[in-house]
Amino acid sequence: NAGVTQTPKFQVLKTGQSMTLQCAQDMNHEYMSWYRQDPGMGLRLIHYSVGAGITDQGEVPNGYNVSRSTTEDFPLRLLSAAPSQTSVYFCASSYSRYTGELFFGEGSRLTVL
Amino acid sequence: GQNIDQPTEMTATEGAIVQINCTYQTSGFNGLFWYQQHAGEAPTFLSYNVLDGLEEKGRFSSFLSRSKGYSYLLLKELQMKDSASYLCAVKRGYGQNFVFGPGTRLSVLP
(Lines give C-alpha, C1' and ligand atoms only; values in the text may rest on other atoms or scores of the structure.)
Protein backbone atom coordinates (compact mmCIF):
# COMPACT_ATOMS: atom_id res chain seq x y z
CA ASN A 1 0.00 0.00 0.00
CA ALA A 2 1.85 3.12 -1.23
CA GLY A 3 -0.55 5.70 0.26
CA VAL A 4 -0.12 9.16 -1.30
CA THR A 5 2.66 9.43 -3.88
CA GLN A 6 4.01 12.73 -5.16
CA THR A 7 6.45 13.39 -7.98
CA PRO A 8 8.88 14.98 -8.46
CA LYS A 9 10.44 15.41 -5.00
CA PHE A 10 12.61 18.30 -6.14
CA GLN A 11 12.29 20.71 -9.07
CA VAL A 12 14.01 23.92 -10.14
CA LEU A 13 12.21 26.17 -12.62
CA LYS A 14 12.91 29.46 -14.27
CA THR A 15 10.40 32.28 -14.03
CA GLY A 16 7.69 31.84 -16.63
CA GLN A 17 8.10 28.09 -17.09
CA SER A 18 5.18 25.75 -16.50
CA MET A 19 5.15 22.36 -14.85
CA THR A 20 2.88 19.77 -13.27
CA LEU A 21 3.24 18.21 -9.84
CA GLN A 22 1.79 14.73 -9.80
CA CYS A 23 -0.20 13.20 -6.94
CA ALA A 24 -1.68 9.73 -6.79
CA GLN A 25 -3.36 7.81 -3.97
CA ASP A 26 -4.22 4.12 -3.85
CA MET A 27 -6.58 4.21 -0.86
CA ASN A 28 -9.80 4.97 -2.80
CA HIS A 29 -10.02 8.29 -0.99
CA GLU A 30 -12.85 10.62 -1.96
CA TYR A 31 -11.14 13.88 -0.96
CA MET A 32 -7.83 15.16 -2.31
CA SER A 33 -6.10 18.49 -1.82
CA TRP A 34 -2.94 20.48 -2.42
CA TYR A 35 -1.20 22.59 0.24
CA ARG A 36 1.88 24.74 0.20
CA GLN A 37 4.16 25.13 3.20
CA ASP A 38 6.32 28.20 3.67
CA PRO A 39 8.66 29.02 6.59
CA GLY A 40 6.86 30.53 9.57
CA MET A 41 3.44 29.95 8.04
CA GLY A 42 0.95 27.17 8.39
CA LEU A 43 0.05 24.86 5.55
CA ARG A 44 -2.19 26.79 3.16
CA LEU A 45 -4.79 25.15 0.96
CA ILE A 46 -4.41 25.76 -2.79
CA HIS A 47 -7.11 23.59 -4.40
CA TYR A 48 -9.16 20.60 -3.40
CA SER A 49 -11.45 17.95 -4.87
CA VAL A 50 -14.33 15.99 -3.36
CA GLY A 51 -14.50 13.46 -6.19
CA ALA A 52 -13.71 12.79 -9.83
CA GLY A 53 -14.70 15.76 -11.97
CA ILE A 54 -15.20 18.09 -8.98
CA THR A 55 -12.60 20.68 -7.94
CA ASP A 56 -12.69 23.93 -6.00
CA GLN A 57 -10.39 26.71 -4.88
CA GLY A 58 -8.77 26.96 -1.50
CA GLU A 59 -7.12 29.89 0.23
CA VAL A 60 -4.31 30.58 -2.28
CA PRO A 61 -5.39 29.35 -5.74
CA ASN A 62 -3.91 32.04 -7.98
CA GLY A 63 -1.32 30.75 -10.45
CA TYR A 64 -2.36 27.11 -10.06
CA ASN A 65 -4.76 24.79 -11.87
CA VAL A 66 -6.01 21.34 -10.96
CA SER A 67 -8.13 18.60 -12.47
CA ARG A 68 -9.46 15.28 -11.19
CA SER A 69 -10.26 12.92 -14.02
CA THR A 70 -9.95 9.80 -11.84
CA THR A 71 -10.38 9.05 -8.13
CA GLU A 72 -6.67 8.24 -7.84
CA ASP A 73 -4.95 11.22 -9.48
CA PHE A 74 -4.93 14.94 -8.66
CA PRO A 75 -2.21 16.86 -10.54
CA LEU A 76 -1.31 20.47 -9.75
CA ARG A 77 -0.28 22.67 -12.66
CA LEU A 78 1.79 25.84 -12.36
CA LEU A 79 0.89 27.90 -15.40
CA SER A 80 3.72 30.47 -15.41
CA ALA A 81 6.05 29.99 -12.46
CA ALA A 82 6.97 32.98 -10.29
CA PRO A 83 9.58 33.24 -7.51
CA SER A 84 6.69 33.63 -5.02
CA GLN A 85 5.73 30.04 -5.82
CA THR A 86 8.99 28.73 -4.36
CA SER A 87 7.70 26.46 -1.62
CA VAL A 88 7.19 22.89 -0.47
CA TYR A 89 4.00 21.42 -1.87
CA PHE A 90 2.04 18.65 -0.18
CA CYS A 91 -0.75 16.58 -1.61
CA ALA A 92 -3.18 15.23 1.01
CA SER A 93 -6.20 12.95 0.89
CA SER A 94 -8.92 11.67 3.19
CA TYR A 95 -11.41 8.84 2.96
CA SER A 96 -14.38 11.13 3.28
CA ARG A 97 -15.10 14.62 1.98
CA TYR A 98 -16.66 15.42 5.35
CA THR A 99 -14.46 13.94 8.04
CA GLY A 100 -11.32 12.12 8.99
CA GLU A 101 -7.64 12.86 9.14
CA LEU A 102 -5.56 13.88 6.16
CA PHE A 103 -2.92 11.54 4.71
CA PHE A 104 -0.03 13.50 3.22
CA GLY A 105 2.41 12.74 0.45
CA GLU A 106 6.16 13.15 0.97
CA GLY A 107 6.18 16.66 -0.47
CA SER A 108 7.64 18.33 -3.55
CA ARG A 109 10.24 21.06 -3.05
CA LEU A 110 9.98 23.65 -5.82
CA THR A 111 12.42 26.47 -6.44
CA VAL A 112 11.64 29.18 -8.99
CA LEU A 113 14.59 31.29 -10.06
CA GLY B 1 -10.79 36.38 10.63
CA GLN B 2 -8.95 33.15 11.28
CA ASN B 3 -5.96 32.95 13.53
CA ILE B 4 -4.07 30.07 15.11
CA ASP B 5 -1.16 30.65 17.47
CA GLN B 6 1.48 28.19 18.65
CA PRO B 7 4.88 28.75 20.22
CA THR B 8 7.57 28.75 17.55
CA GLU B 9 10.09 26.56 19.35
CA MET B 10 10.33 24.46 22.52
CA THR B 11 13.09 22.43 24.09
CA ALA B 12 12.73 19.55 26.52
CA THR B 13 14.79 16.74 27.98
CA GLU B 14 14.54 13.06 27.13
CA GLY B 15 12.17 11.32 29.55
CA ALA B 16 10.38 14.53 30.51
CA ILE B 17 6.84 15.77 29.79
CA VAL B 18 6.12 18.68 27.45
CA GLN B 19 2.92 20.58 26.72
CA ILE B 20 2.47 22.35 23.38
CA ASN B 21 -0.28 24.94 23.38
CA CYS B 22 -2.51 26.08 20.54
CA THR B 23 -4.97 28.97 20.65
CA TYR B 24 -7.39 29.68 17.87
CA GLN B 25 -9.97 32.17 16.71
CA THR B 26 -11.96 30.77 13.80
CA SER B 27 -15.57 30.68 12.71
CA GLY B 28 -17.40 27.41 12.11
CA PHE B 29 -15.22 25.33 14.46
CA ASN B 30 -15.77 21.62 13.91
CA GLY B 31 -12.76 19.91 15.46
CA LEU B 32 -9.08 20.28 16.19
CA PHE B 33 -6.33 18.03 14.84
CA TRP B 34 -2.68 17.60 15.78
CA TYR B 35 -0.07 16.44 13.29
CA GLN B 36 3.61 15.57 13.72
CA GLN B 37 6.10 16.53 11.02
CA HIS B 38 9.73 15.45 11.08
CA ALA B 39 12.12 17.69 9.17
CA GLY B 40 11.88 17.09 5.44
CA GLU B 41 8.99 14.67 5.80
CA ALA B 42 5.21 14.64 5.48
CA PRO B 43 2.89 15.55 8.37
CA THR B 44 1.32 12.52 10.05
CA PHE B 45 -1.87 12.46 12.11
CA LEU B 46 -1.57 12.31 15.90
CA SER B 47 -4.91 13.13 17.49
CA TYR B 48 -8.33 14.71 17.10
CA ASN B 49 -10.70 16.50 19.48
CA VAL B 50 -14.18 17.71 18.68
CA LEU B 51 -15.65 17.82 22.22
CA ASP B 52 -14.14 19.42 25.32
CA GLY B 53 -11.82 17.26 27.33
CA LEU B 54 -8.81 15.02 27.12
CA GLU B 55 -8.10 12.36 24.49
CA GLU B 56 -5.30 9.92 25.34
CA LYS B 57 -3.33 7.81 22.87
CA GLY B 58 -0.37 6.13 24.49
CA ARG B 59 2.34 8.70 25.29
CA PHE B 60 0.37 11.45 23.54
CA SER B 61 -2.71 13.24 24.87
CA SER B 62 -4.64 16.19 23.49
CA PHE B 63 -6.98 18.54 25.31
CA LEU B 64 -9.63 20.90 23.99
CA SER B 65 -11.60 23.78 25.50
CA ARG B 66 -13.96 25.18 22.88
CA SER B 67 -15.14 28.05 25.09
CA LYS B 68 -11.55 29.26 25.51
CA GLY B 69 -10.41 28.52 21.95
CA TYR B 70 -7.57 26.49 23.39
CA SER B 71 -5.96 23.12 22.90
CA TYR B 72 -2.77 21.47 24.01
CA LEU B 73 -0.78 18.41 23.04
CA LEU B 74 0.90 16.61 25.92
CA LEU B 75 3.86 14.36 25.22
CA LYS B 76 5.03 12.08 28.03
CA GLU B 77 8.26 10.09 28.45
CA LEU B 78 9.90 12.10 25.71
CA GLN B 79 12.18 10.25 23.30
CA MET B 80 14.76 11.63 20.89
CA LYS B 81 12.53 10.59 17.98
CA ASP B 82 9.87 13.05 19.25
CA SER B 83 12.05 15.90 17.96
CA ALA B 84 9.79 17.28 15.23
CA SER B 85 7.35 20.06 14.43
CA TYR B 86 3.84 19.76 15.81
CA LEU B 87 1.03 21.31 13.78
CA CYS B 88 -2.29 22.37 15.19
CA ALA B 89 -5.14 22.45 12.64
CA VAL B 90 -8.72 23.63 13.09
CA LYS B 91 -11.46 22.05 10.97
CA ARG B 92 -14.08 24.52 9.85
CA GLY B 93 -17.59 23.63 8.76
CA TYR B 94 -18.77 20.30 7.38
CA GLY B 95 -16.19 19.80 4.69
CA GLN B 96 -12.48 19.12 4.95
CA ASN B 97 -11.65 22.80 5.38
CA PHE B 98 -8.62 23.07 7.67
CA VAL B 99 -6.70 26.08 8.93
CA PHE B 100 -3.21 25.14 10.07
CA GLY B 101 -1.13 26.88 12.68
CA PRO B 102 2.54 27.72 11.96
CA GLY B 103 3.78 24.71 13.93
CA THR B 104 5.93 24.30 17.03
CA ARG B 105 9.42 22.91 16.57
CA LEU B 106 10.27 20.64 19.51
CA SER B 107 13.85 19.67 20.24
CA VAL B 108 14.41 16.80 22.66
CA LEU B 109 17.84 16.87 24.26
CA PRO B 110 19.65 13.93 25.90
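The values are calculated or read from the model by the stated rules, or taken from the named source; none is laboratory data. Please read all numbers here as calculations on a predicted model, not as lab measurements. Positions of Cβ are backbone-derived with ideal geometry, glycine not excepted, and every protein chain shown enters the neighbour counts. Only protein heavy atoms, including side chains, enter the accessible area calculation; ligands, DNA and RNA are left aside. Shrake-Rupley method; radii C 1.70, N 1.55, O 1.52, S 1.80 Å.
Residues of the stretch B:1-44 that bury at least 30 Å² of accessible area when the other protein chains are present, relative to the chain alone (probe 1.4 Å, heavy atoms, ligands and nucleic acids excluded): B:Tyr35, B:Gln37, B:Ala42, B:Pro43.
For the pair the stretch A:79-102 / the stretch A:1-69, the C-alpha centres are spaced 4 Å from each other. Note on B:Lys68 and A:Ser18: their simple-model spin labels are 5.2 nm apart, each label 7 Å out from Cα toward Cβ. Using the 1.4 Å probe convention, the accessible area of chain B works out to 48 Å² per residue with neighbouring protein chains retained. Approximating the spin labels as points 7 Å out from Cα along Cα→Cβ, the A:Asn28-to-A:Leu79 distance works out to 3.6 nm.
Give me the summed buried accessible area for the A-B pair, 1.4 Å probe, to the nearest 100 Å². That pair of chains buries around 1400 Å² in total.
Extending 7 Å from Cα along the Cβ direction at A:Asn65 and again at A:Thr111 yields two label points whose distance is 2.8 nm. When chain A is treated as a GNM with alpha-carbon contacts under 10 Å, the residue of A:Gln37, A:Gln25, A:Gln17 showing the greatest mean-square fluctuation is A:Gln17. Excluding same-chain neighbours fewer than eight residues apart, the aspartates and glutamates reachable from B:Lys57 by a Cα-Cα span under 20 Å are A:Glu101, B:Glu14, B:Glu77, B:Asp82. Suppose we compare each residue of the stretch B:81-101 in its chain alone and in the full protein complex with a 1.4 Å probe; which ones drop by at least 30 Å² of accessible area? Buried by 30 Å² or more upon assembly, which counts only protein chains, are B:Tyr94, B:Gln96, B:Phe98, B:Phe100. Per residue of A:43-49, other chain Cβ atoms within 10 Å of the residue Cβ number 3 on average. The fraction of accessible area contributed by carbon and sulfur in chain A is 51 percent, rounded to a whole number (1.4 Å probe; ligands and nucleic acids excluded).
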